[in-house]
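For reference, the structure discussed in these notes is given below.
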Amino acid sequence: MEMKRELNEANQPKNGADLFVWSLVDAGVDTLFGYPGGAVLPIYDALYRNQAPFKHILSRHEQGSIHAAEGYARTTGKPGVVLATSGPGATNLITGIADAIMDSIPLVIFTGQVAHQVIGTDAFQESDIMGITTPITKYNYQVEKLSDLPRVIKEAFYIATTGRPGPVLIDIPKNISEEISGKEFDSDFYLPGYQPTTKPNPLQIVKLADALSKSKRPIVLTGAGIQFAGASEELRQFVRKYNLPVTSTLHGLGVFPGTDEQFLGMAGMHGTYTANMAHYECDLLINIGARFDDRLTGKLEHFAPNARIAHIDIDPAEIGKVIPTEIPVVADAKEALNALIGSNISMPDHGEWIDKLQKSKEEYPLWYNRSDEAISPQWMVEQVYKASKGNAIVTTDVGQHQMWAAQFYKFDEPNRWATSGGLGTMGFGFPAAIGAQLGAPEELVVSIVGDAGFQMTLQELAVAHERNLRVKVIILNNSALGMVRQWQESFYDERYSESLLTVNPDFVKLAESYGVRGVRVEKESEVPALLEDIFAYDGPVVVDARVVQKECVYPMIAPGKGIHEMIGVKQP
Amino acid sequence: MKRIITATVQDRAGVLNRITGMLYKRQFNIESISVGSSETEGVSKMTFVVDVGDHQKLEQLTKQLNKQIDVLKVSDITDKAMVARELALVKVNSSSQARTEIQGVIAPFRASVIDVSKDSMTIQITGKPDKVEAMITLLRPYGIKELTRTGVTAFLRGQQPGNVTEINSLSI
């Protein structure tokens, strides 16, 4: 077994738990997010005894651990690593695992399990975590023999981070952690059934190049696959070379500069009018690393109805899953883009198309209502953007605040945006910000959350205080489940069934009780100075920003409608 | 449309669960599934008979199967020259008088009697599913007490003739 001998040489691995620690060192882990319990006591003992050369972050709930690991992975590009105990510890991870599979986030998750001798007897804190997580992991393992452990860990990191990334779970029975090894084990592996295709088929690239050379109204749709492939630079070269307009999915924000002239904005349910109309009117749509989510496409028959569809994706099963695809390219985005850059395509004149889109951008910008003194939530996001000079790492939950953050914070670089897109998880944003800050201690991390979602994982304030993390939580507090309230207003005749939070905690006192600085702000005039102050402050802050409750997210594609039927589009 | 799909898989723990779970999650309708070891140690073969709506769904099915880490190879052999067989055991009511008559019924199917009691007999049949079906239909009037079928297992013939779609047509 090859190990970086950074651990104390005198501390040779004694048992399975030691092997676990050494394998993590070998995998280059610098941060482990976890929570102890009975079935992982041997592992926690080994972490202590070996003085493991990586940080262990003690969350206050396993859900906090896994969302933190997701935030870490989304913003560092490295896999997030999580450790929880058997039974409830493991089941508390489920939301995060499901979140990670939906958004293709690389995680390696370790769960303790009861000893082999009692598995299947409904032993104390036993749960069938293999059965529970099979549908929501890229792969999962239960370790059968101690000698398998180093190989399984190495395989798991490989599977989690290659091809289309995703969560991989390893269930370790307690007797394996306790078993005395005394030996070193081989960690070589061979996965004949898992060979992701990274190089594009040259014929398909020729087809795509040919389609471009005939296109009068081309559009490039960018997804998170470009970020995973580290292909932002190649994307820029490609679209500059052929002067192609660019749209983005929610997760693709930042892979192309949000402030760039060629960028038309996010597309989809709450995307820009221009981006959606570009999808509607284009004659060639090149999707790079996005999965045609239903929140992007709206009603399928109206999505790019007259366009030839090209789709570049490393996961062949994504191609043709939702939208019939004429030009499929199974490849890593970087490889495919390099092939396209090298293709020397003679683009026809598509200046008319570009002009039309530029004009549309000016005519139909994103907009919002301002009131005299009360804080408009969109305005608040704009102020955060200004005060952070567009350089912050931003995390969110799901809902109105998430859409406003996506609309009004302009990302110019990849890996600076962590949001729960696919699963739409409330409670994701704050722990994800903790993970992002641990992965990038020098960066300013802002978590824009709602008052409802924040209450689902706010116990992690303890971690922010304990580690003195420069995480700034901005609660856009409208005393409601904002998006639910908006839908009830629009589609359920204003029957606000259980969506108004009439009892909320005093967030300032709550933050203070955790040792975290808390501030309340109710007037727009107080905001600029406050943001400047808290961004300069060396530590965590919770801002309870009281915003207008009735504010809605616009423009919008109503459910069941096509992308050309946006409502709430305004001309200034 | 009915398709026969075979998958070669690595014999790892939970592989069947993984695959049936994926099919369930993606709402594919499995008519039968059979699994067993192959010529290579550590490698199993699975045969699925599935009813899929259209070619797009079929493509999605094979892609999702291929995506499984343990799956080595997926083939849709429906339109190829293949051998497909299943086994059925049928326990049928039979008085001693009816015994000879039933034996006469099953003889053309080359089925065999593998157990006899005072008032029943058990018949074993192997063959293409439609042959199995035909024999069961003939036995039904005697009163079937118990019936179990293995599901189809199949692979390609050693040689593929030029045009085979017609040979298999709808019957498998």
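The values are calculated or read from the model by the stated rules, or taken from the named source; none is laboratory data. All figures in this text were calculated on a predicted structure; none of them were measured in a lab. Cβ sites come from the backbone with ideal geometry, for glycine too, and all protein chains shown count toward neighbours. Protein only, heavy atoms only, side chains kept; ligands, DNA and RNA dropped before computing areas. Shrake-Rupley method; radii C 1.70, N 1.55, O 1.52, S 1.80 Å.
Remarks
- Number of partner chain Cβ atoms within 10 Å, mean per residue of B:64-71: 5
- Region A:327-350 versus region A:73-99: alpha-carbon centroid distance in Å: 36
- Sorting A:522-532, A:281-291 by their mean Cβ neighbour count within 10 Å, with the most densely packed peptide first, gives A:281-291, A:522-532.
- Lysine pairs in region B:2-80 whose alpha-carbon atoms fall under 18 angstrom of each other, counting only those eight or more residues apart or on distinct chains, come to 12.
- Prolate/oblate/rounded call for region A:411-537, Cα gyration tensor, a/c under 1.5 rounded: prolate
- Here the simple spin-label model places points 7 Å from the Cα toward Cβ, and for B:L16 and A:N504 these points are separated by 5.4 nm.
- The mean number of partner chain beta-carbon atoms within 10 angstrom of a residue's beta-carbon across peptide B:54-61 is 2.
- Inter-site label distance for A:D188 and A:W487 at 7 Å from Cα along Cβ, in nm: 5.3
- Simple rule: put +1 on each Lys or Arg Cβ and -1 on each Asp or Glu Cβ in chain A, find the dipole, and look at A:T222, A:H56, A:S187; the Cα lying farthest toward the positive end is A:T222.
- The stretch between A:N468 and A:D128, if pulled fully straight at 0.36 nm per residue, gains 118.7 nm over its current Cα-Cα span.
- Gyration tensor (alpha-carbon) shape descriptor, region A:197-265, a/c threshold 1.5: oblate
- For a straight C-alpha distance cut-off of 14 angstrom, the aspartates and glutamates reachable from B:K91 (same-chain residues fewer than eight places away being disregarded) are B:D115, B:D119, B:E146.
- Rounded to the nearest 20, the size of the Cβ-charge dipole of the protein assembly as shown about its Cα centre is 1660 debye, with Lys and Arg at +1 and Asp and Glu at -1.
- Rounded to the nearest 20 debye, the dipole magnitude of region A:502-572 is 360 debye, with +1 charges on Lys and Arg beta carbons, -1 on Asp and Glu beta carbons, and the Cα centre as origin.
- Theoretical FRET efficiency, 1/(1+(r/R0)^6), r = Cβ-Cβ of A:M347 and A:K561, R0 35 Å, to 0.05: 0.60
- Bins of 10 Å from zero: percent of alpha-carbon pairs in the protein assembly as shown: 3, 13, 20, 22, 19, 13, 7, 3, 1, 0, 0
- Ranked from largest to smallest solvent-accessible area, with a 1.4 Å probe on the protein heavy atoms, A:T396, A:T198 come out as A:T198, A:T396.
- When peptides A:308-318, A:368-378, A:385-395, B:91-101 are ranked by their average number of other Cβ atoms within 10 Å per residue, the highest-first order is A:308-318, A:385-395, A:368-378, B:91-101.
- Fraction of antiparallel bridges per DSSP, the protein assembly as shown only, in percent to nearest 5: 40
- Extreme residue, positive dipole direction of the protein assembly as shown, given options A:I475, A:G252, A:M347 (C-beta unit charges): A:M347
- Highest mean packing comes first when the peptides A:100-112, B:64-76 are listed by Cβ atoms within 10 Å, giving A:100-112, B:64-76.
- If a spin label sat at a point 7 angstrom from the Cα of B:I144 along the line to its beta carbon, the backbone N atoms of region B:30-50 nearer than 20 Å would be those of B:30-34, B:49-50.
- Efficiency of FRET between A:I180 and B:R26 - r from beta-carbon atoms, R0 56 angstrom, step 0.05: 0.80
- Figure note: A:D533, A:D493, A:D171 ranked by solvent-accessible area, largest first, 1.4 Å probe, ligands and nucleic acids not counted: A:D493, A:D533, A:D171.
- Residues of region A:235-249 falling in the label zone of A:L300, defined by backbone nitrogen less than 12 Å from a point 7 Å along Cα to beta-carbon, are absent.
- Calculated [θ] (222 nm, deg cm²/dmol) that DSSP helices of n ≥ 4 give over chain A, each run adding -39,500 (n - 2.57): -10000 deg cm²/dmol
- Between A:K550 and A:L41, residue separation times 0.36 nm minus the direct Cα-Cα distance comes to 178.3 nm.
- Partners of A:K361 within straight-line reach, counting lysines whose Cα lies under 27 Å from its Cα and excluding those fewer than 8 residues away in the same chain: A:K214, A:K216, A:K241, A:K299, A:K386, A:K389, A:K410, A:K550, A:K561, A:K570.
- Partners of A:K183 within straight-line reach, counting lysines whose Cα lies under 18 Å from its Cα and excluding those fewer than 8 residues away in the same chain: A:K4, A:K14, A:K145, A:K154.
- Look at the stretch A:314-321: the mean tally of other chain Cβ atoms within 10 Å of its residues' Cβ atoms is 4.
- Cα-centred dipole magnitude for region B:83-153, charges only on beta-carbon of K, R (+1) and D, E (-1), debye, nearest 20: 60
- Amide H contacts of B:I30 (H built 1.01 Å from N, in plane; Pro and chain starts excluded): no residue 5 or more places away or on another chain comes under 5 Å.
- Once the C-beta distance of A:A536 and A:T197 is scaled by a Förster radius of 30 Å, the resulting FRET efficiency is 0.05 to the nearest 0.05.
- Backbone HN-Hα couplings from phi across region A:530-542 [Karplus 6.51/-1.76/1.60, Hz, Gly and Pro as x]: 4, 4, 4, 4, 6, 6, 7, 6, 8, x, x, 9, 10
- From phi via Karplus (6.51, -1.76, 1.60), per-residue ³J(HN,Hα) for region B:84-99 in Hz, x at Gly/Pro: 10, 9, 9, 10, 10, 10, 10, 9, 10, 4, 7, 6, 4, 5, 6, 4
- Between region A:486-550 and region B:83-149, the alpha-carbon center distance in angstrom: 74
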